[in-house]
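Following: one structure in structure tokens, then a few remarks.
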Amino acid sequence: MKKEKPAASVVTHHILNTTIIFPFFGLLAGYLILKFLGNSLDVTTLRILKDLVSVGFVFLGVKYSLSYINKKYSVANPEKSSKISIIIFGVLATCMWILSILNGFNIIGIVYNTVFFGIVFAIFFAMTKKYFSSLQAPQIPEA
């Protein structure tokens, strides 16, 4: 039987999985790519490959988190959970975007990082919104 969880608990679980746990494994995979392919590929290709792996792990993190929530929890307020999750993730992504721009301030870096964090946010937003919206849909009673 699923435990009913308040929005704060659901949001905490969702944000931890998608911003800390799975990105850590993405960083580890990126490190392994740099370690084993670092000498054979140019810097631009390595960065793109590393960022594709990072985006993939964000996708896996969101997917895992939402499937775990679906399996274990009954969400008390799905609309509130959705809004808070998206806002917190947006703030964290914006902070990371600003830090990445300040690290190397040039127009190509700004555009590249804007596209990267835009894709990451779009993945999180679309999947989170779709999942929590499906919980809000009116249930048709069985006959």
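The values are calculated or read from the model by the stated rules, or taken from the named source; none is laboratory data. Treat the numbers as computed from the prediction; the structure is a model and nothing was measured. Cβ sites come from the backbone with ideal geometry, for glycine too, and all protein chains shown count toward neighbours.
Summary table
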| read-out | value |
| --- | --- |
| Leading residue by the ranking (nearest to Pro6 (Cα to Cα)) among those in region 67-95 that are surrounded by 19 or more Cβ atoms within 10 Å (Cβ to Cβ) and aliphatic (A, V, I, L, M) | Val75 |
| Residue count, region 104-118 (criterion: buried (at least 16 other Cβ atoms within 10 Å of the Cβ) and not polar (S, T, N, Q)) | 3 |
| Output for region 3-58, where each listed residue is among the hydrophobic types (A, V, I, L, M, F, W, C) and not in a helix (DSSP H, G or I) | Leu41 |
| Restricting region 123-143 to residues that are aliphatic (A, V, I, L, M) and surrounded by fewer than 11 Cβ atoms within 10 Å (Cβ to Cβ), the residue that is modelled with the lowest pLDDT | Ala143 |
| The one condition in (1) more than 19 Å from Thr12 (Cα to Cα); (2) surrounded by fewer than 16 Cβ atoms within 10 Å (Cβ to Cβ) that Ile101 fails to fulfil | (2) |
| Residue list for region 1-38, filter: polar (S, T, N, Q) and either under 15 Å from Val53 (Cα atoms) or under 16 Å from the mean Cα position of the chain (by Cα) (or both) | Thr12, Asn17, Thr18, Thr19 |
